[in-house]
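Student: I'd like to ask you about the structure that follows.
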Amino acid sequence: MNDSENRNELVRIGLARLQSTQNREPRGLSGDPEADRYLKDIQNYPHIYVLACLMDKQIKAERAWLIPFEVCSHFGAFTMQELANLSAGQIESYFLEYKPHRFNKDMARVFYEGIQRIHTVYADDASRIWSDTPSSAAVVYRFLQFAGAGIKIATMATNILVREYHVPLRDYYSIDISPDLQVKRIFYRTGLVENTDDVNLIIYKARELYPIFPGVIDESCWEIGRTYCRPTDPNCAECPLADTCQKILD
Ligand code: SF4
């Protein structure tokens, strides 16, 4: 396989998509128009974006993105001042009764501690995580400081801020690719990695392909995975990677 040809196409598609999003509003993340209205408004509700990112763990992303909206609606608390008044017990009771997540006790704590961190460290304004045009490493680090946020959530949160919300950062080096199922499928089928058992293989391959912003390849994989490289019945005939892809379909 000619690795460099594949590299150029994946990076090219990712950069083209990034460019094409510059003049449009963020895409809906939850699939629910009302919840998306809050998620898209990071000027006024940046905390809802941050809390949604923290929920994105081992459940479908659309479900996770809905949770802050559901909690805020339940308590009639959409502002940080209102949310910060909720006790840990109130939030835990909500999670245990309505079961919005797979791990409700743990995620209730993550949700509560997320609110309290935004309240105490960022003075109720979650946009301070990214508003001082920091380096990508600084933003990833600030997300990592939240309870429950591992490197996957921290890089995904930073990547979406750049790709969908056009938040300017000083650099993009530390925004790694997020090896979700779609990314794994395309990296494996194209022959970019020999296996997907170790996500570090994908992370470092993406760094090799585009060191200045490895996470931009998330966009390419999203586009190709949704349109051509579906889990079953891939449309190789029309796929832009067809000429260089190894088409490993076992
Ligand atoms: S659709 Fe076919 S050509 Fe395109 S990435 Fe998937 S396996 Fe490769």
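The values are calculated or read from the model by the stated rules, or taken from the named source; none is laboratory data. These numbers come from a predicted model, not from an experiment. Quick reminder, even Gly has a Cβ in these numbers, built from the backbone with ideal geometry, and neighbours come from all protein chains shown.
Student: Of the conditions (1) outside any loop (DSSP other than H, G, I, E, B); (2) away from the ligand (no atom under 16 Å from the Cβ); (3) touching a residue at least 12 places away in the same chain (Cβ under 8 Å), ARG185 satisfies every one except a single condition; which number is it?
Tutor: With respect to (1) outside any loop (DSSP other than H, G, I, E, B); (2) away from the ligand (no atom under 16 Å from the Cβ); (3) touching a residue at least 12 places away in the same chain (Cβ under 8 Å), ARG185 is out only on (2).
Student: Next question. Filtering segment 192-230 down to residues that are near the ligand (Cβ under 10 Å from one of its atoms) and more than 23 Å from TYR173 (Cβ to Cβ), which residue is surrounded by the most Cβ atoms within 10 Å (Cβ to Cβ)?
Tutor: ILE224
Student: Scan segment 225-237 and tell me whether some residue there is aliphatic (A, V, I, L, M) and either within 19 Å of LYS57 (Cα to Cα) or touching a residue at least 60 places away in the same chain (Cβ under 8 Å) (or both).
Tutor: Scanning segment 225-237, I find no residue that is aliphatic (A, V, I, L, M) and either within 19 Å of LYS57 (Cα to Cα) or touching a residue at least 60 places away in the same chain (Cβ under 8 Å) (or both), so the answer is no.
Student: Next question. Where in segment 1-117 are there helices (runs of 4 or more DSSP H), lying fully within it, with 2 or more residues that are within 21 Å of the chain's Cα centre (by Cα)?
Tutor: Filter on segment 1-117 gives 3-20, 33-40, 46-55, 61-75.
Student: Further question: Hey, any hits in segment 120-139 for a residue that's β-branched (Val, Ile, Thr), within 23 Å of ARG63 (Cβ to Cβ) and over 21 Å from the mean Cα position of the chain (by Cα)?
Tutor: Among the residues of segment 120-139, not one is β-branched (Val, Ile, Thr), within 23 Å of ARG63 (Cβ to Cβ) and over 21 Å from the mean Cα position of the chain (by Cα), which makes the answer no.
Student: Answer yes if at least one residue in segment 216-223 is among the polar types (S, T, N, Q) and assigned to a helix (DSSP H, G or I), and no otherwise.
Tutor: yes
Student: Here's another thing I want to ask about it. So which residues in segment 240-250 are near the ligand (Cβ under 8 Å from one of its atoms) and more than 14 Å from PHE187 (Cα to Cα)?
Tutor: Residue satisfying the conditions is PRO240 alone.
Student: Counting only residues that are in a loop (DSSP other than H, G, I, E, B) and buried (at least 18 other Cβ atoms within 10 Å of the Cβ), how many does segment 118-129 have?
Tutor: Looking only at that region, the number is 1.
Student: Quick check on my filter: what residues within segment 135-164 are in a loop (DSSP other than H, G, I, E, B), surrounded by fewer than 18 Cβ atoms within 10 Å (Cβ to Cβ) and either modelled with pLDDT under 95 or assigned by TED's automatic domain parsing to the domain that holds TYR38 (or both)?
Tutor: Of everything in segment 135-164, just one residue is in a loop (DSSP other than H, G, I, E, B), surrounded by fewer than 18 Cβ atoms within 10 Å (Cβ to Cβ) and either modelled with pLDDT under 95 or assigned by TED's automatic domain parsing to the domain that holds TYR38 (or both), namely GLY150.
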